[in-house]
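So the structure is just underneath, and the comments pick up after that.
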Amino acid sequence: MLFDRSLENFIVPCYNFLKSVVVSDVKVVNIWKQSSWIFRANLSKNVIPNTQILRELGMSESCIALLLTYYAHSVMRKPDLFSQLVGEVQQLGFDPHKSSFVQAMHALSLKGTTWKRCQQAYRSWDCLEKRIIPRCSVVKVLLLKGLIKEENLSLATVIRVPDKYFLSSFVTRFLDSVPELLNVYHGKLEVDKSLGSAHPMFSSLLYRNQAFAVAASHFGRRFISSSIIPAAQDNPTLSYLIRSCGLSPKAATLAAHKVQLRSLEQPNSVLALLREYEFSDTQISTLVRRRPQLILANAKKTLLPKLEFFCSIGMSRLDLAKIMTYNPNLLTRSLENSLIPCYNFLKSVVISDVKVVLTLKQNSCIFLENLSKNVEPNIRLVTELGMPHSALARFIACFSKIVTRKPEFFSQLVRQVAEMGFDPGNVNFVQAMVVLSWKKTTWRHKEEAYRRWGWSDNDILSAFKASTVYDGV
């Protein structure tokens, strides 16, 4: 249906508007994936007036971006219905300046029958203090102790299950590890109520259950406070990670535990440098998620020389962005003490920069290795056996993961190949090492398959040796 819309009059204006709010193309694409109908909407009729209503209430741009990114369907309502929804959330006491206001809007935008069922469920639970608080306290303790994992939890299930099941699944089975857990459940031992700030996993768990947070605040005292849901506008670091770096709220919450921004000068210069070197928004988001400390680096003195170095040896910016995104630890290594010595060593073996770049693309982790510990002894071993320089260069460029193995494993592998009759002076010696470096079970399964075809051990070995480039068929 989008194909019947005018590119100039509908699609491009919609993109420009969304980009002006959410900043990154990644989030615009996410909006499209979540709610493609927004590109068919008459923005001036619904979306723009609705966002203006929120701005007049004092809602921050980061919260409006959050609403558009994840709950665009709410903003596409008619302004009168949207105003009514906003009024209901205000009446519940939510602050428009906080992200919990957005979560409440999403929960209240559910169908009326769904919301009524939620109300009935909460009313049937006797009271908040007797059911929700004790269970949440127990779950919090178990998460903090590392006895349960977030991915195995559903907050709705935790709260809905019968008391007998909850006690057996979450209390009695853990009493040996946490003897005081029963007291926590019965309210005899007070647990800090700031759940979100105490454990990021519990925070993200509640973040996925916004309807619960809204209903709990409506039908009981505010045990589930707005601090449980990551409030980007209350935390400059969190806001920056979401808005400027493209991280999801959950990823930003985890990353914010590793970095704290005192100024935006350094992170802005880092992002500008990465974009100058043609890192896409998605790649920047992935890189920051994997190594958030990089946004605190000195872009000019620390990162730029490393990027310039890799480009100087012939790596394209496209490949550079891919490799650094996959392995951002490369940007944490010392240029003089680690990266350049590794390059010099590899260049001395493979001769050309082209093959050094190929090695890096095949196995970027080799630049993180302590060469004197593994790589150099392994290369010395096969060189002493008579492996020609051309075979050695191909070995390093295409199969460097084997060369980085511990010398004990590597020497055993070399001995095994030599005992099979392979000549170190022949290229098939390298191919045999590649195949035999597989897991023993994999090699055994292949031998068994050939034996089922009637091959003897000598037949298998002869076929193996006869193949100049053995592909493991």
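Brief remarks on what is shown
- Each of Leu318 and Lys301 was given a label point 7 Å from its Cα along the Cα-to-Cβ line. The distance between the two points is 3.6 nm.
- Summarising the label geometry, the points placed 7 Å from Cα in the beta-carbon direction at Glu308 and Lys258 lie 2.7 nm from one another.
- Relative contact order of segment 319-401, taken over Cα pairs closer than 8 Å and 6 or more residues apart, is 38 percent.
- Alpha-carbon centroid distance for the pair segment 352-383 / segment 230-287, whole angstrom: 33
- When Leu368, Leu307 are compared by accessible area of protein heavy atoms, the largest-first order is Leu368, Leu307, using a 1.4 Å probe.
- Here the calculated FRET efficiency for Asn426 and Glu56, from their Cβ-Cβ distance with R0 = 60 Å, stands at 0.15, rounded to the nearest 0.05.
- Vicinal HN-Hα couplings computed from phi for segment 367-379 (Karplus, 6.51 cos²θ - 1.76 cosθ + 1.60; Hz; Gly/Pro x): 7, 9, 7, 8, 4, 5, 7, 10, 4, 4, x, 5, 5
- Estimated distance in nm for a label pair at Arg173 and Thr383, the labels positioned 7 Å out from Cα along Cα-to-Cβ: 5.7
- Above-threshold pairs, the threshold being 29 Å between Cα atoms, out of Lys300/Lys322; Lys373/Lys446; Lys140/Lys250; Lys130/Lys258; Lys322/Lys401; Lys98/Lys258: Lys373/Lys446; Lys130/Lys258
The values are calculated or read from the model by the stated rules, or taken from the named source; none is laboratory data. This is a predicted model, so every value here is computed, not measured. Positions of Cβ are generated from backbone atoms using ideal geometry, with glycine treated the same way; all protein chains shown enter the neighbour counts. When the accessible area is computed, the model is the full protein with side chains, heavy atoms only, and any ligands, DNA or RNA have been set aside. Shrake-Rupley method; radii C 1.70, N 1.55, O 1.52, S 1.80 Å.
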